[in-house]
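*Asks:* Take this structure, written in structure tokens, and hold onto it; I'll ask about it next.
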Amino acid sequence: MNVRKSNVKLVTRTGAVLTATALSLALAACTASNEETPSSAAPSASDTGDAMMELSGSLNGAGASSQESAMEAWRAGFQTAYPDVTVNYDPVGSGGGRTQFLDGATSFAGSDSLMDDEEYALAVTRCDGDQGALHLPMYISPIAVIFNLDGVTSLNLDPTTLSDIFNGVITTWNDEAIATQNEGVTLPDLAITIVHRADESGTTKNFTDYLEKASDNWGHEASGDWEGAAGESGQGTSALVQIVTDNQGTIGYADASRAGTLGTVAIKVGEEYVPFSAEAAAKVVDASPLSESANGESDLAYEIDRTTTESGAYPLVLVSYHIVCHQYDDEAERALVIGFEKYVASAEGQQQASSAAGSSPISADLSAKITAILDEVAAA
């Protein structure tokens, strides 16, 4: 290994280990309430390998800023169960996270978009063995179209109108295309200012994928780099949201957990307008197939159905992944990665993320599938 990806110690113990019950109690203490807490907890030490082990040291990850709030909750929960472990996460954006992972600087990446063919190939070199890396869907969240107009908290918009706005074709808020979908709403004769991400972003990739597939007038391929009309730009989710918050007439897009008190758009699906929600986002993921580019059955990379007409579904959604190696070059790093990722995929971890970030918990079946895949991750 050329670059040290984690600093961990692995200690085999002959004495008592922390039991699942004790772990459950420890994790419950760090939730907002002990009521209605899922029964599953962080994995016991023995779940991370064949021997009974104690984890300590640092685990480093980087990537999607959309996961930042959820990651804070995951880190707190896991570190409560394993107080000698420090989990670090740098929310540099999906592209930066994949780059750091593929360069060997981190043990995992957070990403709102899938690796491309070139990155899959690089992962074979970065990870020990010939199977490369795989995607584990850990965070499901709607993307909110956010705007700032005095006195307006919600708007109805169809995909064609959204495309025209973000392409700079519709330039004022009282344009007929907007007004006809929002009877009774007072719209100002005010210029629309588009706000987009300045950095390569998985949120941008998912947003433009929606515009490309759900409308017939976007005219650009889905991309993590903004290709729509010029406007204001912000580095990362926080900067984009701040620009929209500070300026009247602005419109942008962000992980729904960051929408705050800004106005949001209900998008047209079939014959109805659907506002974002965790439940509406989960409906779309459950109905979507795996991508044809997935690297085998263990690579859970989804192809989201953006054109669904299912009632109550919200197709403007991101599935954010943790990208990990099929094989690590030492048992200590493998054990630490598996321990953390099992906690993230657990009912406890998913509930922590939902409470902190408003995300949609993955299903019990998907959680079990991820756990089985993690059990197959090897060490050289």
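*Asks:* Considering all projection directions equally, how large on average is the shadow of the alpha-carbon convex hull of the chain, in square nanometres?
*Replies:* Values: hull surface 73.3 nm².
Seen from a random direction, the Cα hull of the chain projects 18.3 nm² on average.
*Asks:* Label the range 144-285 by shape, choosing from rounded, prolate and oblate, from the square roots a ≥ b ≥ c of the eigenvalues of the Cα gyration tensor; if a/c is under 1.5 it is rounded, and otherwise prolate applies when a/b is larger than b/c, oblate when it is not. If you can, show how the numbers build up before the last one.
*Replies:* Values: a/c = 1.24, a/b = 1.09, b/c = 1.13.
Rounded shape, in that the Cα axes give a/c under 1.5.
*Asks:* Still on this model: I want the local charge near residue 124. Using Cβ-Cβ distances under 12 Å, sum +1 for each Lys or Arg and -1 for each Asp or Glu among the other residues.
*Replies:* Result for the neighbourhood of residue 124: -4.
*Asks:* I'd like to compare 223-234, 352-363, 76-87, 335-346: which one has the highest average count of other Cβ atoms within 10 Å, and what's the full order after that?
*Replies:* On the way: 223-234: 17.1, 352-363: 22.2, 76-87: 19.8, 335-346: 25.8.
Ranking, from highest mean packing down: 335-346, 352-363, 76-87, 223-234.
*Asks:* Please compute the net charge surrounding residue 70, taking Lys and Arg as +1 and Asp and Glu as -1 over other residues with Cβ under 14 Å from its Cβ.
*Replies:* Here the charged neighbours net out to -4.
*Asks:* Let me ask something else about it. Taking the Cα centroid of the range 158-217 and of the range 84-117, what is the distance between the two, rounded to the nearest whole Å?
*Replies:* 30 Å
*Asks:* What does the charge add up to near residue 314, with Lys and Arg as +1, Asp and Glu as -1, over the other residues with Cβ less than 12 Å from its Cβ?
*Replies:* Residues close to residue 314 contribute a combined charge of -1.
*Asks:* While we're looking at this one, here's another question. 5 Å is the cut-off here: which amide hydrogens, built 1.01 Å from N in the peptide plane, fall below it relative to residue 327, excluding neighbours closer than 5 in sequence?
*Replies:* HN-HN under 5 Å from residue 327: 128, 378.
*Asks:* Grab the DSSP H runs of the chain that are 4 residues or longer, score each as -39,500 (n - 2.57), total them, divide by all residues and round the 222 nm result to the nearest 500 deg cm²/dmol.
*Replies:* Computed ellipticity for the chain at 222 nm equals -10000 deg cm²/dmol.
*Asks:* Further, regarding this structure: Using DSSP to call loops (not H, G, I, E or B), can you name the GluC sites (Glu not before Pro) in the range 87-190 whose Cβ has at most 10 other Cβ atoms within 10 angstrom?
*Replies:* For GluC sites (Glu not before Pro) across the range 87-190 that sit outside H, G, I, E and B with at most 10 neighbouring Cβ atoms in 10 Å, the list reads 183.
*Asks:* What is the order of 113, 367, 257, fewest Cβ neighbours within 10 Å to most?
*Replies:* Sorted ascending by nearby Cβ count, the order is 367, 257, 113.
*Asks:* Moving on. Based on the mean of other beta carbon atoms within 10 Å per residue, what is the order of 268-274, 282-288, most packed first?
*Replies:* Taking the mean over residues of other Cβ atoms within 10 Å, the ranking is 282-288, 268-274.
*Asks:* Using modelled amide H (1.01 Å from N, peptide plane; none on Pro or chain starts), what sits under 5 Å from the amide H of residue 86, excluding residues fewer than 5 places away?
*Replies:* Excluding prolines and chain starts, which carry no amide H, the hits are 57, 58, 59.
*Asks:* Which order do peptides 290-302, 306-318, 129-141, 200-212 fall in by mean Cβ count within 10 Å, highest first? Kindly include the intermediate steps, with their values, before the conclusion.
*Replies:* Values: 290-302: 15.7, 306-318: 20.1, 129-141: 22.4, 200-212: 25.1.
Ranking the peptides 290-302, 306-318, 129-141, 200-212 by packing returns 200-212, 129-141, 306-318, 290-302.
We did not get these values from a lab; they are worked out from the coordinates using the rules stated. Keep in mind it's a predicted model, so treat the numbers as computed, not measured. When we count neighbours, we look across all protein chains shown, and the Cβ atoms used for this are built from the backbone with ideal geometry, even at glycine.
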